[in-house]
Amino acid sequence: MQPAFRVIADGQDVTQRIADRLVELTVSDEAGGTSDTLDIRLDDREHAIELPRRGAELEVAIGMGEAKTMGRYVVDEVTLEGPPATLSIAAKAADMRQSLKSPKTRSWDETTLGDVVSSIAGEHGLEAKVAAELATVQLTHVDQTEESDLHLVTRLAQRHGATAKPAGGALLVVPRGSSQTASGRTLPAMNIQGSELSRWSVTIADRERYASVVATYHDPAKAEPVEMTAGSGEPAYRLRDTYSDEAAAQEAADARLRAAKLGEATLRATLAVGRPEAVAETPITVEGVREGVDGDWVAKRVRHRFGRSGYTTEIEAEVPA
């Protein structure tokens, strides 16, 4: 099978018009609040390429034999260079609305994480998708001072061992490393054989870990706060928010402890032949390399590169929670 790509600009297929000028096309898919990006570099010989307008919408597909849609992106930067003459286009995911990044000042009182996300998502024309164990988190008081809505949601998500990201028309908040799509569907696992890798590395770091996590909920029968613990021993990390009930508190503590385990080891791998199904949060199993590399991972960042030298996929992954 041969590498294939497709680019649709403002609803018009421009693939054939740029095919012989394409130097490299790169799609970067990120976990968490970082915007997914698209970069296209073209040979601008004779300066015959029409400059794309800022705000133009691009739909891109890459694959082997048949191109798989990678997403929709909005052009926000065009760079002209030479010699040799090149034209570079930088675009961000269409779901990363500029309004999400505008600073605001307001307060949130006596609410839940789910309600905050729903309110913010609605303000930006997105659907809220929050994991059940996170939606019921009680927020007594939260100040949003000259802070963007995206930063606020990301901050609150991180406090509870979760990630926040606008994708697929939704504002998604799920436990970190949960391997869920914007629709809440679990991503299928991906198996990678050592023979598929053109390059790999694993870094194992001794980072601070929590032996336990403590979450609190208010027991109306006892009229007092009750603590739920995940793990055991010291050091212990205490979640600041109060949860609606025992189950929500335990789930939040479990999620934060799982998140603390992530990042102890990092895998960086390049597949000589690209795999378009690889996206951020994909669960990955590596086999046939060596101890320390073989095993289960969760993709944190995926970069697809398509160009004159072929199609490759680069993956950065962490140990699963």
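The values are calculated or read from the model by the stated rules, or taken from the named source; none is laboratory data. Small disclaimer: the values here were computed from a predicted structure and weren't measured. With ideal geometry, Cβ positions are generated from the backbone for all residues, glycine too; neighbour counts draw on all protein chains shown. The accessibility values were calculated without ligands, DNA or RNA, using every heavy atom of the protein model including side chains. Shrake-Rupley method; radii C 1.70, N 1.55, O 1.52, S 1.80 Å.
Here is how the numbers come out for the structure above:
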{"read-out": "Matching residues, segment 290-311, being open to solvent by 50 Å² or more (accessible area, probe 1.4 Å) and out of contact with any Asp or Glu (no Cβ under 9 Å at 6 or more places or on another chain)", "value": "Arg290, Glu291, Asp296"}
{"read-out": "Residue in segment 34-41 that is exposed (fewer than 14 other Cβ atoms within 10 Å of the Cβ) and modelled with pLDDT of 90 or more present", "value": "no"}
{"read-out": "Boolean, Glu264 is out of contact with any strand residue (DSSP E or B) (no Cβ under 8 Å at 6 or more places or on another chain) and not small (Gly, Ala, Ser)", "value": "no"}
{"read-out": "Members of segment 312-321 found to be at pLDDT below 95 and either open to solvent by less than 20 Å² (accessible area, probe 1.4 Å) or under 12 Å from Ile192 (Cα atoms) (or both), listed by number", "value": "Ala317, Glu318"}
{"read-out": "Identity of the residue in segment 157-210, of a type in the set (Val, Ile, Thr) and at pLDDT 80 or above, that ends up most open to solvent (accessible area, probe 1.4 Å)", "value": "Ile204"}
{"read-out": "Options Glu77, Glu81; residue that is more than 27 Å from the chain's Cα centre (by Cα), farther than 30 Å from Pro283 by Cα and loosely packed, with under 12 Cβ neighbours inside 10 Å", "value": "Glu81"}
{"read-out": "Output for segment 4-26, where each listed residue is open to solvent by less than 50 Å² (accessible area, probe 1.4 Å), free of Cβ contacts under 8 Å to residues at least 40 places away in the same chain and either among the hydrophobic types (A, V, I, L, M, F, W, C) or closer than 14 Å to Glu59 by Cα (or both)", "value": "Val14, Thr15, Ile18, Ala19"}
{"read-out": "Within segment 250-289, considering residues that are among the hydrophobic types (A, V, I, L, M, F, W, C) and touching a His at 6+ places or on another chain (Cβ under 8 Å), the one surrounded by the fewest Cβ atoms within 10 Å (Cβ to Cβ)", "value": "Ala278"}
{"read-out": "Residue that is farthest from Pro166 (Cα to Cα) [pool: residues in segment 47-64 that are open to solvent by less than 50 Å² (accessible area, probe 1.4 Å) and in a loop (DSSP other than H, G, I, E, B)]", "value": "Ile49"}
{"read-out": "Residue within segment 247-256 that is in contact (Cβ under 8 Å) with a residue 12 or more places away in the chain and closer than 30 Å to Gly310 by Cβ present", "value": "no"}
{"read-out": "Residue in segment 87-134 that is nearest to Gly55 (Cα to Cα), counting only those that are open to solvent by 30 Å² or more (accessible area, probe 1.4 Å) and in contact with a Gly (Cβ under 7 Å, 6 or more places away or on another chain)", "value": "Glu127"}
{"read-out": "Residue match in segment 42-53 (condition: modelled with pLDDT of 90 or more and under 26 Å from the mean Cα position of the chain (by Cα))", "value": "no"}
{"read-out": "Qualifying strands (runs of 3 or more DSSP E) (wholly inside segment 95-176; at least 1 residues being among the acidic types (Asp, Glu))", "value": "103-112, 127-130, 137-148"}
{"read-out": "Flag if Ala247 is in a helix (DSSP H, G or I), at pLDDT below 85 and either out of contact with any helix residue (DSSP H, G or I) (no Cβ under 9 Å at 6 or more places or on another chain) or crowded, with 19+ Cβ neighbours inside 10 Å (or both)", "value": "no"}
{"read-out": "Segment 135-150 - residue that is polar (S, T, N, Q) and surrounded by 13 or more Cβ atoms within 10 Å (Cβ to Cβ) and, of those, farthest from the chain's Cα centre (by Cα)", "value": "Gln138"}
